[in-house]
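J.: Dropping a structure here in C-alpha cells format, bear with me for questions.
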Amino acid sequence: MLLMFNISDFFLSTLNVEELILAKNKLTELPQGIALLHQLKLLDLSENPLQYINGYQETFTQVVYNLRGLKRLLLSHTPLTSLKYLYGFLGPQETGPYAARIHLLELDVSFCAITTLSDASSTEIFDEQTYLQSVNLSGNNISSISPQLFDKLSDLRHLNISFLYLSDGPKLVLPSNIILESIDISHNKLTNPDNVLVSGVVLSLNLSFNLIQKWQDSEAFTCKTDHFSSTICFNSSEIPPDSFSECNYKSKTVWVKNLNLSHNALTTVSTQMGSSLNRLTEVDLGSNPFTCSDCTLIEFKKWLLALANKNVTSTEYLTLGTKGMFKCTEPFHLKGFFVHDVNFEPKDCVGVPDKGWLIHVIILSTIFIIVIITSVTTYIYRYEVTYLCHLMKIMKKRRANGTRDLEDFEYDAFVCYRYYDHSLNVRKLSHSPYTPGFNSHDTMPPFSVVRTDNPT
C-alpha cells in the first residue's frame with residue numbers, strides 16, 4: 001500500500017522517471033507530487049479506488065495536466081463512471097480552465113463502470129485525441145456506440161470494445177486510409193458479423209463469445225467501393241476456378257484478414273457463409289454447436305470437402321487457435337464425431353424443402369382421433385355417465401338443503417329412459433309386483449329414481 005505522507009520528497013528525487021506504475025494500491029486521490037514528473041510517459045493507476053468527484057476531480061485534473069509528455073494513461077478498474085472527468089486535460093483546446101496539451105497514444109478505461117459514450121464530453125475527447133493508437137473501453141456498461149465516435153483517430157491501431165452489451169453491429173466509421181491491427185468485440189451479444197465496419201480495414205477481428213448463428217450475405221466481408229478505400233483493402237484468398245480463367249478472374253477485396261468466430265451459435269456453414277469466409281486468410285470456428293442431424297449438413301460437408309481439396313481457397317481454418325477438424329455437438333449420439341465423417345443420405349432431403357406442414361397435420365390428426373375416441377366411449381357408457389350426472393345432481397341438492405350425510409342414499413334403483421317413455425315407465429313400475437311401496441323421486445324425464453320397501 002502506498003502511503004500518502006512525505007510523498008512529495010519521493011517524487012522530487014525521481015524527476016526524470018518516465019514510467020510510474022501505482023496499480024493495485026489504495027489511492028483515493030492522485031498525489032500532487034506526480035505533477036513534478038514532466039518526463040513521465042506512462043502513468044498506471046489501475047485498480048485504485050480513485051475519487052473523481054467534487055474536489056478530487058480538480059486535483060486529478062491539475063496533476064495530470066502538468067504531465068505534458070504523458071503518452072499512456074491506464075485507469076482500468078477505477079470508479080471513473082464517465083469520461084467527463086478526463087475532459088479537463090484531454091478535451092479540446094481553449095475550453096474550460098485548462099487547454100488540452102496532452103495527446104495520448106494509449107488510453108485504458110476498461111472496467112470503469114462507464115454507462116455511456118454518447119455524451120458530448122466523450123465525443124469531444126476522441127475528436128481531440130487524434131494521436132491515439134490504442135483504446136480500451138472493455139468491461140463497461142455500454143449498450144451502444146456511435147458509429148462516428150472514432151472517425152478522427154487516423155493513427156488508431158488497437159480497439160477493444162469487448163465485454164460490453166452490444167446487441168447490434170456498431171457499424172464503425174473509421175478513417176478509410178488506416179489499417180487497424182486488431183478490433184476486439186468479443187463477449188457481446190452480436191448476431192451478425194457483417195455490421196462491424198462501414199469503413200476502414202482490420203487485420204484481426206475477434207467476434208468470439210457472441211450470439212452469431214448465421215448470415216445470408218456471401219459478400220459480408222467484401223470491401224464495398226462506396227465505403228472502403230480500394231487501395232488498402234486486403235486481397236481475397238479465393239482461388240480462381242481454373243487456370244484458363246485466372247487472367248480474367250477478379251478477386252474481391254476484403255476488409256478483414258483474420259476472423260475469430262469461436263464460441264458462437266453456429267450450427268452449420270451454408271454456401272453463402274462458406275463463400276464469404278473463403279475470402280479471408282484465417283478463420284477460427286472452434287467451440288460452435290455444429291449440428292449433424294439435418295439437411296444443412298449436406299452443404300456443410302460439401303464445403304469441407306472443397307477445403308480439403310484445396311481447390312477453392314487458401315484460407316486456414318482453425319479450432320481454438322490450432323489446426324483441427326470440426327466436431328459435431330448434436331445430436332447426442334454423434335457428439336464428438338468429426339463432421340466430415342458423419343454419413344447423411346442426401347435423398348432424405350430431396351423434395352422436402354419444408355416439413356412444417358407435416359407437423360401441423362400430425363397435431364390436427366391427433367386431436368381428431370382423441371375427439372372420436374372420446375365420443376365413442378361416451379356413447380357406449382352413456383347410461384353410466386347419465387347415472388353419475390344424476391348422483392352429482394342429488395349431492396348438489398343435499399348440500400344446498402343441508403340434509404343428511406351425502407353418503408346416506410335411500411334409493412335402490414336408477415331408471416334411465418327417453419322422454420316419450422316417461423308415462424309408460426311410471427305406470428309399469430307402479431303396478432309391478434317387484435316394486436311394492438314404489439315411490440318416485442325426481443320423476444321429471446329423463447330421470448326416475450325408484451325406492452322399494454322389498455328390493456329383489
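The values are calculated or read from the model by the stated rules, or taken from the named source; none is laboratory data. Small disclaimer: the values here were computed from a predicted structure and weren't measured. Neighbour counts are summed over all protein chains in view; Cβ atoms, including those assigned to glycine, are modelled from backbone coordinates with ideal geometry.
J.: Looking at Leu75, is it at negative phi, at pLDDT 95 or above and touching a Cys at 6+ places or on another chain (Cβ under 9 Å)?
T.: The answer is yes for Leu75.
J.: Shifting gears a bit: Please work out which one of (1) within 30 Å of Leu207 (Cβ to Cβ); (2) modelled with pLDDT of 85 or more is the condition Asn311 fails and give its number.
T.: (2)
J.: Within the range 29-50, is even one residue more than 38 Å from the chain's Cα centre (by Cα), charged (D, E, K, R), farther than 17 Å from Ser121 by Cβ and in a loop (DSSP other than H, G, I, E, B)?
T.: Yes, that holds for at least one residue.
J.: Test of understanding: among Phe126, Phe111, Phe89, which residue is in contact with a Gly (Cβ under 6 Å, 6 or more places away or on another chain), within 25 Å of Glu47 (Cβ to Cβ) and in contact (Cβ under 8 Å) with a residue 12 or more places away in the chain?
T.: Selected residue: Phe111, the only one of Phe126, Phe111, Phe89 that is in contact with a Gly (Cβ under 6 Å, 6 or more places away or on another chain), within 25 Å of Glu47 (Cβ to Cβ) and in contact (Cβ under 8 Å) with a residue 12 or more places away in the chain.
J.: Further question: Taking the condition at positive phi and modelled with pLDDT of 90 or more, does Ser276 pass?
T.: Considered against the rule, which asks whether it is at positive phi and modelled with pLDDT of 90 or more, Ser276 comes out as no.
J.: Among the residues of the range 51-77, which ones are in a loop (DSSP other than H, G, I, E, B) and polar (S, T, N, Q)?
T.: Once the filter is applied, which keeps residues that are in a loop (DSSP other than H, G, I, E, B) and polar (S, T, N, Q), the range 51-77 yields Gln51, Asn54, Asn66, Ser76.
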